[in-house]
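See structure below.
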Amino acid sequence: MIRHIVLTKFKPDVPEDTIRGIYDGLAAVTEKLRGARNFTGGRSESPEQIERGYMHGFVIDFDDWDALQNYTDNSEHKALGRQLVENAVGGIDGILVLDLNV
């Protein structure tokens, strides 16, 4: 299984409703694709408070690398990804992506 982890440092003026809309869209894409499941996302509530500005994140599980590639190539995912970049501090520099083989 591949665990896809995305952390975003959103610009301070981006409303939570906008972020929720992006995440709702990504959850909907996850539900449509074979081999993708368990979308979880939101704002950090960590008591450690060491997010360093990356206050939002999401996780999606994929059956394998092919399922992740199918998600990566999906046009709805690409449109939502552009919204993430547009709303992140410094564009792509405000986004961290980790893919772990678990």
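Read-outs throughout are calculated quantities, based only on the coordinates presented, and are distinct from any laboratory measurement. The structure presented is a predicted model; accordingly, all values stated were derived computationally and were not measured. Counting neighbours? That spans all protein chains shown, and the Cβs are built from the backbone with ideal geometry, glycine included.
Between the Cα long axis of helix 75-87 and the first principal axis of the chain there is an angle of about 10°, rounded to the nearest 10.
Legend: calculated FRET efficiency, Arg37 to Asp93, from the Cβ-Cβ distance at R0 = 30 Å, rounded to 0.05, equals 0.55. Put a dot 7 Å past the Cα of Gln49, heading toward its Cβ, do the same for Thr72, and the two dots end up 3.8 nm apart.
Taking Cβ atoms as reference points and 14 Å as the exclusive limit, the residues near Gly42 contribute a net charge of -3, counting Lys and Arg as +1 and Asp and Glu as -1. Here the alpha carbons of the chain define both size measures, Rg and Dmax, at 13.2, 37 Å.
About its Cα centre, region 2-101 has a charge dipole of approximately 100 debye under the convention of +1 per Lys or Arg Cβ and -1 per Asp or Glu Cβ, with nothing else charged.
Across the chain, the longest run free of exposed loop sites, meaning trypsin sites (Lys or Arg not before Pro) lying outside DSSP classes H, G, I, E and B with no more than 13 other Cβ atoms within 10 Å, spans 53-102. Restricting the chain to GluC sites (Glu not before Pro) that sit in a DSSP loop and have at most 15 other Cβ atoms within 10 Å of their own Cβ leaves Glu45, Glu48, Glu51. Each other residue within a Cβ distance under 12 Å of Ile5 adds +1 if Lys or Arg and -1 if Asp or Glu, for a net charge of -1.
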